[in-house]
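**Q** First the structure, then my questions, so here it is.
The values are calculated or read from the model by the stated rules, or taken from the named source; none is laboratory data. Note that the coordinates shown come from a computational prediction; the quantities given were computed from them, not determined experimentally. Cβ placement follows ideal geometry from the backbone for every residue including glycine, while neighbour counts extend to all protein chains displayed.
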Amino acid sequence: MNKDKLIAAIEQMQTRDISLSGLLKHFSNELIDGTDDICLDLEREQRCGFPEVIFAAGKSLPHLKKIAKLHIENEQPMFMTRIQHEMQQELLAIHPDFVLVEEAGTLRWNSMKTQHQQPIKIQVISAGNSDYPVAMETIESLKFFNLDYTLVQDVGVAGIHRLFGKVDQLAESDLVIVIAGMEGALPSVIGGLISVPMIAVPTSVGYGTSMNGLAAIMGMLNSCASGITVCNIDNGFGAACAALRMQNAWSWKQA
């Protein structure tokens, strides 16, 4: 609770406009809300090359609403990830230009202000349709970062013949992001076919011994196709951040 609100609440009690129990309830709600201590990191893009992004999981709806309104007030591009389904529509209603993608669990308002003069060509490769939500989080993050991408879907090792017709296309890109669950074999296969830098994202998709993505991430970390960058389980946003850092390094080198 800030100083002005505290003074106003005490003055209400003194004039008997609010009871002691009402004052305590008001304080309690403010503490539970916890929105008065929110401070946007407005300089993160200058430090890191991309603005602050909001991880919504674990945050209350009032907290997220306050964050969204602060972004609007400060005219800051906003991106939220991992928004719980029951909160999505209420957040979407705050501003008519908010873009919600339910499959990704993301909310986007405007995009990063930086425009890339020589954007790298990124291919996002999804092993199966069950990996699609993580692919969508990756894609929505790339959109927020103003990065160009092409999506290649459903080319996992169970139907590996579908991949072979895409090899020339993948080899022409500057970066590939490979998203796969189960045993996480797809990055190894692609890594043995092309020389393009690769970011691998393990997903939590799979049966019992996949252990919610642990088998996939271990497979990717132990890949015999050397030089693969591996993100955390289901972390499509992290893959997009890695791609942006590569884009920034490329842009700075060309400048």
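**Q** For the range 139-192, how many residues meet the condition of being among the β-branched types (Val, Ile, Thr), touching a Lys or Arg at 6+ places or on another chain (Cβ under 7 Å) and not in a loop (DSSP other than H, G, I, E, B)?
**A** Here the count works out to 1.
**Q** If you don't mind, another one. Between residues in the range 163-185 that are over 29 Å from Met211 (Cα atoms) and residues that are assigned to a helix (DSSP H, G or I), which pairs lie under 8 Å by C-beta distance while being six or more apart or on different chains?
**A** Leu170/Ile190; Asp174/Trp250
**Q** What residue, among those in the range 186-195 that are free of Cβ contacts under 8 Å to residues at least 60 places away in the same chain and buried (at least 20 other Cβ atoms within 10 Å of the Cβ), is nearest to Ser130 (Cα to Cα)?
**A** Per the stated criteria, the residue is Pro187.
**Q** Considering only residues that are within 18 Å of Lys121 (Cα to Cα) and among the aromatic types (Phe, Trp, Tyr), look in the range 200-255 and name the one that is modelled with the lowest pLDDT.
**A** Ranking the qualifying residues of the range 200-255, first place goes to Trp252.
**Q** Out of all the residues in the range 204-226, is one or more closer than 21 Å to Ala104 by Cβ and in a strand (DSSP E or B)?
**A** no
**Q** Going by what's in this entry, would Gln123 be described as under 29 Å from Trp250 (Cα atoms) and in contact with a helix residue (DSSP H, G or I) (Cβ under 9 Å, 6 or more places away or on another chain)?
**A** yes
**Q** Now a separate question. For Gly165, state whether it is on the phi > 0 side of the Ramachandran plot and at pLDDT below 95.
**A** No: the conditions fail for Gly165.
**Q** Moving on to the next point. Quick test for you: out of Met87, Met136, pick the one residue that is assigned to a helix (DSSP H, G or I), in the same structural domain as Glu183 (by TED's automatic domain parsing) and under 30 Å from Val205 (Cβ atoms).
**A** Matching residue, one of Met87, Met136: Met136.
**Q** Pairs only if they're at least six apart or on different chains, beta carbon under 9 angstrom, first in the range 140-159 and over 12 Å from Ile122 (Cα atoms) and in the same structural domain as Ala240 (by TED's automatic domain parsing), second among the basic types (Lys, Arg) and assigned to a helix (DSSP H, G or I); list them, first residue then second.
**A** Asp154/Arg162; Val155/Arg162; Gly156/Arg162
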